[in-house]
């Protein structure tokens, strides 16, 4: 036997330099999955931002009508401070049309309460472009209850299933109701 070390000629024992094709493909896959996740988060954040904007607009529109009504409280409230049955002309039930208005009725605001509600609906459609006259008729309301609270309900269309009705069924509209004493 000789003292010389034996040379092994198997290629799998040689040191590898550089990255192989499989390693590159795995790296591309990992980066792609990360980018897809980031894109999905971005899409959801845009949806949440739009939903938040709609809710803020609905709150602003409802508050605006409550403040208009508060400025006309002497026509809405009876001598005991309770809302009259027709809210001095401001009452609007779901399913009833709003009074039609012209531009002259809204600037300056007319004294006719029903037309004021019509101007309010026109403003709501300008602030929330997806609201239609049909939405105003079917889903907006201005009512009062026996406790003397005035309720203003604003609705806007959304994807089916994103807002739940009180009965738990999916709906195609989100609603916001503000209640206040005048």
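Brief remarks follow.
- Taking 0.36 nm per residue of sequence separation and removing the Cα-Cα distance, the residue 50/residue 86 pair yields an extension gain of 9.5 nm.
- Folded to 0 to 90 degrees: helix 21-71 orientation relative to the chain principal axis, Cα: 10 degrees
- For the chain, the longest principal axis of the alpha carbon atoms and the long axis of helix 113-127 meet at an angle near 20°.
- For residue 151 and residue 103, the FRET efficiency from 1/(1 + (r/R0)^6), where r spans their Cβ atoms and R0 equals 22 Å, is about 0.15.
- Ordering 112, 72, 78 by the number of other Cβ atoms within 10 Å of each residue's own Cβ, fewest first, gives 78, 112, 72.
- With contacts taken as Cα pairs under 8 Å at a separation of at least 6 residues, the chain carries a relative contact order of 18 percent.
- With 0.36 nm allotted per residue and the present C-alpha distance subtracted, the residue 41-residue 25 stretch has 3.3 nm of extension available.
- Listed peptides 122-128, 43-49 appear in the order 122-128, 43-49 once ranked by packing, highest mean of other Cβ atoms within 10 Å at the front.
FYI, it's all coordinate maths here, none of it is from the lab. These figures come from a predicted structure and were not determined experimentally. Cβ sites come from the backbone with ideal geometry, for glycine too, and all protein chains shown count toward neighbours.
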